[in-house]
Amino acid sequence: MPIRRDKRDRYVEIEVSTPPEPLWVRCESCGELIFRQKLQENQYVCPRCGAYFFLSAQDRVASLVDGGSFVELPPPQVVEDPLGFSDQVSYKERLGRARAETGLSEAVLAGTANVQGIPVVLAVMDFRFIGGSMGVGVGEILCQAMEHALQEGKPFVLVVSSGGARVQEGVLSLLQMVKVVAAREALARAGIPYIAILTYPSTGGVLASIGSIADLTIAEEGALIGFAGPRVIEQTTGERLPPGFQTAKFALEHGMVDAVVPRAKLREELARALSVLVDER
Amino acid sequence: MNEAERLKVLEEKAAELRRLAEENGLDLSAEIAVLEQKIAELRRAIQEGLSPWGRVQLARRPDRPSGLPFVQALCDSFYELRGDRIVGDDPALRGGFAKLKGKRIAILFHQRGATPEEQRQARFGMASAQGYWKARRIMKVAARLRLPLLTLINTPGAYPGVQAEAHNIAGAIAACIWQMLQHPAPTLAVILGEGGSGGAVALAAADRVLILENATYSVISPEGAASILWKDAKFAEKAAENLKLTAQELLALGAVDEVIPEAPGGAHTDFQGTVEAVRGAVLRHLSELSALPLDELLRLRYKRYRHVGSAGGAD
Ligand SMILES: [Zn+2]
């Protein structure tokens, strides 16, 4: 699903049938037909117009860490479908589909890695997995990643790509907001640095918990950062959204993030931030 | 006579018998026990007859005991604090210092308003960024003074607006959760009406969370869930069932610790009774929590949330 901005500088999501992976991908922003490999080499940024495409958690990890350094933490066991939720599709079926489509067990991938030689614990959310939403599984992976960072004395890095809470897990997903903040509080008490990288999208319950309380926060250029989605705001309040609303630049101008960085420079920026937060070895 | 009215008659009869027994030194315990059994059965029947959607409607009633009138009735005295000390104030989320049966506490509560004018002014209890930054400020003041913190929750959710975003409402909610988890004194949340999403959880990271019998607590409104998942708001009733948002369901999920009974027709039929029931429960929990040493309080608080929804969390 590529994303682009329309004439009023708002984001528009475009559904694209992905599997099986076509050789060519059309940029919905400028219409350019891009050779997939070329797009991949350009970290899923349109070589012609600079529009950002979604990055899978696996591709995001590869783009940020030293080659071959990522080791996934063992995925935790959690109760699946705690409410027995079913809408047009049962939640169990949605989970199965998401797993098949993404190759992930949940909407976040966590492990240890090195970033330009600096060891970190890294967790990367994946929007393709039920909108990157946080339920019990995501909450548990994030907590265990933070606890691992605490045990190892390594900085914790989180890449947010999430629409918010996992609706199908009801109040338990809401309470994951408290759970991840509780783990974050333990990190803080141990003096372990936490860096958040906000990407497209960083919204809802994830932004209103773990996403907003890092020691240092970097926004990827092309990020969407906000509590409520633009459509919800327009529909609820009838307000007209100002140009550039909820962009990375908006977040910077309103004091919510420390830096805005293009995707190609993110790894270098993260390494620079880490280097001032950890002692020389 | 409907079930609620019949129940009221039975309850009055039981009260009358108790009074007679006491005044005249009679032993009417057998008669009273029979009546109490009938009352319990009827109560159960009334409550079981309510669907989750029916409870959502009760929880949203504008005349539900809540807001400033409730706080004034609940507490001996209340001194309101205003403003977030950064940009402004918010009429939808209020708070300050209070005395509850002589005990000093800090209190935070949503204000929904009862009349249309009040509702409009308080945005139906949807607090904006200023409200949550103010709540965080009051939490910090309470922490400084080591005051127990009581929150009374009744909100459709945090306000989704342009100004709210510009003032970092997400960051304010996160800051409230974090501050509440660190609070160096007992914390207690009571969900009085609608416990709507992030706007509710910002005030609910408490040692214990109590809920009125017909109140709800949910990640999203049934209408919101219906329009996202069923692509049609008409499925709200179905969504309400799936979301497991009623007090008893929340208790079974471990999301709340105790359900406070309501008058059979709903809390709005008995304002004073609701005040007394909530006061009783609050005082009991605060006194239990106050007996714990601080490190134990914080340890239990961490444990309560760290394992929420996780396997092995029952420990
Ligand atoms: Zn393009």
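Every read-out reported here was derived from the displayed coordinates using simple, explicitly stated rules and does not represent laboratory data. Predicted, not measured: the structure shown is a model, and the values here were computed from it. Cβ sites come from the backbone with ideal geometry, for glycine too, and all protein chains shown count toward neighbours.
From the phi of every residue in the range A:254-263, what ³J(HN,Hα) in whole Hz does the Karplus formula 6.51 cos²θ - 1.76 cosθ + 1.60 yield, where θ is phi - 60° and glycine or proline is x?
Karplus values, whole Hz, x for Gly and Pro: 9, x, 9, 9, 9, 7, 10, 9, x, 4.
Which value in nm describes the separation of the simple spin-label points at B:Ala45 and A:Lys92, placed 7 Å from the Cα toward the beta carbon?
That separation, rounded to one decimal, is 3.7 nm.
Enter the per residue convex hull volume of chain B, computed from alpha-carbon coordinates, in Å³ rounded to the nearest integer.
Values: hull volume 51.8 nm³, N = 315.
Value for chain B: 164 Å³ per residue.
If you average the alpha carbon positions of the range A:37-71 and of the range A:207-281, how far apart do those two centres end up, in angstrom?
About 19 Å separates the Cα centre of the range A:37-71 from the one of the range A:207-281.
If you take every DSSP beta bridge fully contained in the range B:55-306, what fraction is antiparallel? Give it as a percent rounded to 5.
For the range B:55-306, the DSSP antiparallel bridge percentage is about 40.
Once both labels are modelled 7 Å past Cα along the beta-carbon direction, what's the A:Ala264-A:Glu239 spacing in nm?
Here the modelled spin labels are 3.6 nm apart.
Among the trypsin sites (Lys or Arg not before Pro) in the range A:54-121, which ones are in a DSSP loop with at most 10 other Cβ atoms within 10 Å of the Cβ? Mind listing them?
Working: sites: A:Arg60, A:Lys92, A:Arg94, A:Arg97, A:Arg99; in loops: none.
Counting only loop positions with at most 10 other Cβ atoms within 10 Å, none of the trypsin sites (Lys or Arg not before Pro) in the range A:54-121 qualifies.
Return one quarter of the surface area of the convex hull spanned by the alpha-carbon atoms of the range B:37-180, equal to its mean projected area, in nm².
Details: hull surface 43.3 nm².
Over every viewing direction, the Cα hull of the range B:37-180 projects on average to 10.8 nm².
The range A:167-181 to the range A:118-142: how many Å between their Cα centroids?
13 Å
Two decimals is fine: what's Rg over Rh for chain A, C-alpha atoms, Kirkwood radius as Rh? Present the calculation step by step, with values, prior to reporting the outcome.
Numbers: Rg = 18.2 Å, Rh = 19.2 Å.
With Rg and the Kirkwood Rh in hand, the quotient comes to 0.95.
Using only atoms on other chains, find how many Cβ atoms lie within 10 Å of each Cβ of peptide B:203-215 and report the average. Spell out each step's value before the answer.
Numbers: counts 0, 5, 7, 1, 0, 0, 1, 0, 0, 0, 0, 0, 0.
For peptide B:203-215, the averaged partner shielding equals 1.
Using only Cα atoms, locate the centre of the range B:96-172 and the centre of the range B:24-74, then give the distance between them in Å, rounded to an integer.
One Cα centre to the other: 28 Å.
With the contact rule set at Cα under 8 Å and sequence spacing of 6 or more, what percent relative contact order holds for chain B? Present the calculation step by step, with values, prior to reporting the outcome.
On the way: 575 pairs, mean separation 48.4, N = 315.
Relative contact order of chain B: 15 percent.
Compute the semi-axes of the equivalent ellipsoid of the protein assembly as shown, taking the square root of 5 times each eigenvalue of the Cα gyration tensor, and list them largest first in whole Å. Walk me through the numbers on the way to the answer.
Details: eigenvalues 413, 127, 103 Å².
Semi-axes from the Cα gyration tensor: 45, 25, 23 Å.
Counting Lys +1, Arg +1, Asp -1, Glu -1, what net charge surrounds A:Pro76 among other residues with beta carbon under 13 Å of its beta carbon? Could you put the intermediate results ahead of the total?
Values: positive: A:Lys179, B:Arg306; negative: A:Glu72, A:Glu80, A:Glu106, A:Glu140, A:Glu147.
That works out to -3.
Using a Gaussian network model of chain A with C-alpha springs under 10 Å, which one of A:Arg240, A:Arg26, A:Arg166 is most mobile by mean-square fluctuation?
A:Arg240
Which entries of A:Lys92/B:Lys231; A:Lys179/B:Lys103; A:Lys179/A:Lys249; A:Lys92/B:Lys244 have Cα-Cα distances beyond 21 Å here?
Details: A:Lys92/B:Lys231 19 Å; A:Lys179/B:Lys103 30 Å; A:Lys179/A:Lys249 30 Å; A:Lys92/B:Lys244 17 Å.
Among A:Lys92/B:Lys231; A:Lys179/B:Lys103; A:Lys179/A:Lys249; A:Lys92/B:Lys244, the Cα-Cα distance tops 21 Å for A:Lys179/B:Lys103; A:Lys179/A:Lys249.
If you count the DSSP beta bridges with both ends in the range A:55-280, what percent of them are antiparallel, to the nearest 5?
Numbers: 12 of 32 bridges.
Antiparallel bridges: around 40 percent, rounded to the nearest 5.
Label the range B:218-315 by shape, choosing from rounded, prolate and oblate, from the square roots a ≥ b ≥ c of the eigenvalues of the Cα gyration tensor; if a/c is under 1.5 it is rounded, and otherwise prolate applies when a/b is larger than b/c, oblate when it is not. It would help to have the intermediate numbers written out before the result.
Numbers: a/c = 3.22, a/b = 1.30, b/c = 2.47.
Oblate is the answer for the range B:218-315, as a/c is 1.5 or above yet b/c matches or exceeds a/b.
Could you tally the net charge around A:Leu109, taking each other residue with its Cβ under 15 Å from the Cβ of A:Leu109, Lys/Arg +1 and Asp/Glu -1?
Numbers: positive: A:Arg60, A:Arg99, A:Arg128; negative: A:Asp59, A:Glu72, A:Glu101, A:Glu106, A:Asp126, A:Glu140.
My count for the surroundings of A:Leu109 gives -3.
For the range B:147-305, what Kirkwood radius comes out of the mean inverse Cα-Cα distance, in Å? Walk me through the numbers on the way to the answer.
Details: mean 1/r = 0.0599 Å⁻¹.
Computed over the range B:147-305, the radius equals 16.7 Å.
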